[in-house]
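The values are calculated or read from the model by the stated rules, or taken from the named source; none is laboratory data. Not measured: the values here are computed from a predicted model. Note that each Cβ is placed from the backbone with ideal geometry, even for glycine, and that neighbours are counted across all protein chains shown. SASA here: full protein model, heavy atoms, side chains in, ligands and nucleic acids out. Shrake-Rupley method; radii C 1.70, N 1.55, O 1.52, S 1.80 Å.
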Amino acid sequence: MRGSLLTIGLTCLLSGMLATTEVHADSDFKVTLIGTGSPTPRPDRFGPSTLVEAGDQKFLIDAGRGASIRLWQIKVPMGKIDVLFLTHYHSDHTSGIPDLWLTGWLTTPFGQRKAPFHVIGPTGAKVLMENLEKAYALDIKIRIEDEKLPPEGVAVKVEEFDKEGVVYEKNGVRVTAFEVNHGDAIKPAVGYRIDYKGHSAVISGDTRYNENVIKYGTGADLLIHEVAMARPALMQSPAVQRIIAHHTTPKEAGMVFSKAKPKLAVYTHIVMIPELPLDDIVAETRQTYSGPLEVGEDLTSFEIGDTVTVHRFKP
Ligand SMILES: [Zn+2]
Ligand SMILES: [Zn+2]
């Protein structure tokens, strides 16, 4: 599908067949929503995870439930992820790590990692990975002895940071971590901005309404934000109040988008109490934001060039 809209958009526009003015060239900066869910074990929305492809590099932001399955649905071998960035340590964002790490080490087409598994995250990443190495020590020992897998492919390289700023820079890609506010007890918690060839994608991570997302998201091509919404009648419940207080409501996210003015605003990590029509989330957002908005689904992807092109996944 890459590049298929080039010229077609213009031709159709001229013939009056298409309502979009979209004309774009192939881009080597692409973001794919790997999982757009919350802790709810839904088959259609896997755990939070986002793939960023920039030039010859591939990054994953968080590895929630089923990230490896979604990656292989789009034929990205787990072993080809250059760096896993972590936003915070809620288990729905990390429970896919052992699978990504260990299955990615196998010599099968979906694995293929031959270099250390590189993880970058705020304080806590080292403890998490050290303990996973202990938990899976027997599997690692068995596969090295029995399958002769290369030990360097299961090694772990962890980089931790304790303040915001640039946390990765290589081959024209710069990744900047910024602090967000996921609640007083949920620290550290960060979002990421990825800059490449004069374009940028920003991922909020889990956060309440936060000025820092506006600061780092201003002028971004793509601003991917979490969202949470409960039916008003349920807001009497302290448990529901607590959940919503850790996240951003559609109206608040709309305020973030209105101030940051990204080329495209996107929802991921969609928390709904109970299941609500996605139209309700959009309608609430429209009270504070009138710009371009997409509600993400698993494997929705975005090509970032002079314009941002949305591709919905079709199996
Ligand atoms: Zn969280
Ligand atoms: Zn979360």
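The H on the amide N of Phe85, modeled in the peptide plane, is under 5 Å from the matching H of Leu60, Ile61, Asp62, Ile120, each at least 5 residues off or on a different chain. Val76 sits among other residues whose Cβ lies under 12 Å from its own Cβ, and their net charge, with Lys and Arg +1 and Asp and Glu -1, is +3.
Comparing mean-square fluctuations of Gly35, Gly291, Gly217 from a GNM of the chain with C-alpha springs under 10 Å, the top value falls on Gly291. Mind checking which of Val127, Val282, Val295 has the largest fluctuation in a GNM of the chain, springs on alpha carbons under 10 Å? With Cα springs under 10 Å in the chain, the top fluctuation among Val127, Val282, Val295 is at Val127. Taking amide H atoms as placed 1.01 Å from N in the peptide plane, the amide H of Thr249 lies under 5 Å from those of Tyr209, Ala228, each 5 or more residues away in sequence or on another chain. Computed over segment 229-294, the quotient of the alpha carbon radius of gyration and 2.2 N^0.38 Å is 1.12. In this rough spin-label picture, where each label sits 7 Å from Cα along the Cβ direction, the Gln112-Asp146 distance is 2.5 nm. Note on the chain: with charges restricted to the Cβ of Lys and Arg (+1) and Asp and Glu (-1), its dipole about the Cα centre is near 120 debye. A dipole drawn for the chain from +1 and -1 charges on Cβ atoms has a positive end, and of Val295, Ile142, Asn212 the residue lying farthest that way is Val295. Each Lys and Arg adds +1 at its Cβ and each Asp and Glu adds -1 at its Cβ; summed about the Cα centre, segment 254-303 shows a dipole of about 440 debye. When you filter the trypsin sites (Lys or Arg not before Pro) in segment 155-195 for DSSP loop state and at most 14 other Cβ atoms inside 10 Å of their Cβ, you are left with Lys163.
The trypsin sites (Lys or Arg not before Pro) of segment 39-122 that DSSP puts in a loop, and whose beta carbon has at most 14 other beta carbons within 10 Å, are Lys75, Lys114. Only protein atoms count toward the accessible area here, which uses a 1.4 Å probe; on segment 213-315, the carbon and sulfur part of that area reaches 58 percent.
Taking all protein chains as shown and a probe of 1.4 angstrom, Ser95 keeps an accessible surface of around 70 Å².
The residues packed around Gly35, meaning those with a beta-carbon under 14 Å from its beta-carbon, carry a net charge of -4 if Lys and Arg are +1 and Asp and Glu are -1. Once both labels are positioned 7 Å from their Cα atoms along Cα-to-Cβ, the gap between Ala239 and Asn131 label points is 2.5 nm.
Once you reduce segment 177-256 and segment 56-76 to the center of their Cα atoms, the two points are 22 Å from each other.
Computed from Cα atoms alone, the Kirkwood hydrodynamic radius reported for the chain is 20.1 Å.
Excluding ligands, DNA and RNA, the accessible surface per residue across the chain is 45 Å² with a 1.4 Å probe.
Positive end of the dipole of the chain (Cβ unit charges, origin at the Cα centre): among Phe257, Pro77, His311, the Cα lying farthest that way belongs to His311.
In this Cβ point-charge picture (+1 for Lys and Arg, -1 for Asp and Glu), segment 167-260 has a dipole of about 80 debye about its Cα centre. Summarising the amide proton neighbourhood of Val295: residues at separation of 5 or more, or on other chains, whose placed amide H is nearer than 5 Å comprise Tyr267. Across the chain, the longest run free of exposed loop sites, meaning GluC sites (Glu not before Pro) lying outside DSSP classes H, G, I, E and B with no more than 12 other Cβ atoms within 10 Å, spans 1-146. Which shape class applies to segment 202-312: rounded if a/c is under 1.5, otherwise prolate when a/b exceeds b/c and oblate if not, where a ≥ b ≥ c are the square roots of the Cα gyration tensor eigenvalues? Cα axes put segment 202-312 in the prolate bin. Considering only Met272, Met78, Met235, the Gaussian network model of the chain with Cα springs below 10 Å gives its largest mean-square fluctuation to Met235. Between Ala283 and Tyr209, the FRET efficiency from the beta-carbon distance, with R0 = 25 Å, is close to 0.85.
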